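*Asks:* First, the structure itself, so that you have it in front of you.
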Amino acid sequence: MPAVSFRELGWIFLRIGNLTYGGGDPIMAAFQRELVARRRWLTAERYALAFALARVTPGTNVLAFCAAVGWFLRGWPGALVAVPAATVPSGALVIALTALYEELQAMRLAAGAIGSLLAAAVGMMLAAAWNLLRPRLVAGNRLRIAVLAVGALVLLVGFSSSPLLVLGLGALAGALWGVPSPERELREPA
Amino acid sequence: MNLLVLYLLLLKATVTSFSGLTSLPVIHHDLVVERGVLTDRELNAAVAAGRAGPGPYGLYVVSVGYFVRGVPGAVMGMLALITPAFLIIPMARYLGGKAGQPRIRGAIEGVMAAAAGLLVASTLPLARASVSDAVSGGIALVSFVLLTATRLDIGWVMLGAAGAGLLAAVL
């Protein structure tokens, strides 16, 4: 796979990081689609690694996620491009929103648009979950993946377990319960 | 308040939190209670402003910086938010190098399945807050279908959703 140019890298982080509503998880969901499913810049394994490590990294998860993905794609310079590209424009917007907050609250149109963007984020996150699982649901591996994913959901929703604990248990169960999936690459960036 | 002190206090809050708004108690203690450079009302407005825009909720730290020292303060907030993110790279390097081992590959696959469960779980509170009628339900459903069954660019999905929301608010 040819190296991704810094221009492409900056542009995609600029677009996804600053267009997506609803906090960090919808952003990581949008990156799943753009980088794994559509462009194939990132394997599903690297995505999962970045997603999980972002949870154990101090600070805002999605920014650590962007740093890891930028690093996978183009090393340290990639990370130094990706993180500011994903945050500076929406940070500037937050300053404007802080200054205009009271006025905006009264605007029905703005509230309508934001509400719909949040509803779209719901669909986007469900789509990302499905897109992550679908390629793994192959004969011989279907039960394992389904049990792990549904088990995680039950722990989170039914038992209010912490996300960190659930990801940790997922790693443990995945390691102990066979590895039937095909060979993948998950090396350092070239 | 000195800009460097502001940066260090905000960094203390971001580096000791592991998701979105868990830095809030630290910021409240340091800036509202101890130093008195921020009011409770301003802190609430900052959290709301962070949620009103795109991007992570953690961006409210930028708004906090703005309340304390204007735009230079906001820049300090931004830097405090970004700094801890790079701690992930040594971890990614270490685990990425070991990924050829079957056990590690199995673990990563387990994490991937758990991550899918996590995405579904974090959809629920968002859905309760935003999917309230036929229009918002339709938007959520259409975006799910478009993003799984087509290769449509995500920017169009977001634009379409915003447009539909505006239209519904006008009608």
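The values are calculated or read from the model by the stated rules, or taken from the named source; none is laboratory data. Since the structure is predicted, the reported quantities are computational estimates derived from the model, not experimental observations. Cβ placement follows ideal geometry from the backbone for every residue including glycine, while neighbour counts extend to all protein chains displayed. When the accessible area is computed, the model is the full protein with side chains, heavy atoms only, and any ligands, DNA or RNA have been set aside. Shrake-Rupley method; radii C 1.70, N 1.55, O 1.52, S 1.80 Å.
*Asks:* Taking only the alpha carbons of chain B, what extent do you get along each of the three principal axes, in Å, biggest first?
*Replies:* 58, 53, 24
*Asks:* Ballpark to the nearest 100 Å², how much total accessible area do A and B bury together, probe 1.4 Å?
*Replies:* About 8500 Å² of accessible surface is lost on pairing.
*Asks:* Quick one: what does P(r) look like for the stretch A:101-180 with 10 Å bins over all Cα pairs, in whole %?
*Replies:* Calculated over all Cα pairs of the stretch A:101-180, the distribution is 15, 33, 24, 16, 9, 3 percent.
*Asks:* Provide, for q = 0.12, 0.13, 0.14 Å⁻¹, the log10 of I(q)/I(0) from a solvent-free Debye sum over equal Cα point scatterers in the protein assembly as shown.
*Replies:* Each listed q corresponds, in turn, to -0.86, -1.01, -1.16.
*Asks:* How high is the relative contact order of chain B? Use alpha-carbon pairs under 8 Å, at least six apart in sequence, and give a whole percent.
*Replies:* Once normalised by length, the contact order is 16 percent.
*Asks:* Moving on. Using only the Cα atoms of the stretch B:33-101, each taken as one equal point scatterer with no solvent, compute I(q) by the Debye sum, divide by I(0), and report log10 of the ratio at q = 0.13, 0.19, 0.25 Å⁻¹.
*Replies:* Cα-only, vacuum Debye calculation for the stretch B:33-101: -0.49, -0.75, -1.06.
*Asks:* How many partner chain Cβ atoms sit within 10 Å of a residue's Cβ in peptide A:151-157, on average, as a whole number?
*Replies:* 6
*Asks:* In Å², and per residue, what accessible area does the stretch A:35-86 have when probed at 1.4 Å with the other protein chains present? Please report the intermediate quantities before stating the final value.
*Replies:* Working: 1210 Å² over 52 residues.
Heavy-atom SASA per residue in the stretch A:35-86 reads 23 Å².
*Asks:* If each DSSP helix of 4+ residues adds -39,500 (n - 2.57) and the sum is divided by the residues in chain A, what number results at 222 nm, nearest 500 deg cm²/dmol?
*Replies:* Details: 7 runs with 137 residues, N = 190.
Rounded to the nearest 500, it is -24500 deg cm²/dmol.
*Asks:* Right, something else. Of all accessible surface on the protein assembly as shown at a 1.4 Å probe, what whole percent is carbon and sulfur?
*Replies:* Numbers: 10420 of 15190 Å².
C and S fraction of accessible area: 69 percent.
*Asks:* Select from the stretch A:32-79 those trypsin sites (Lys or Arg not before Pro) which occupy a DSSP coil region and have at most 15 other Cβ atoms within 10 Å, ordered by residue number.
*Replies:* A:ARG39, A:ARG40
*Asks:* While we're looking at this one, here's another question. Hey, got the average number of other protein chain Cβ atoms within 10 angstrom for residues in A:70-83?
*Replies:* 2
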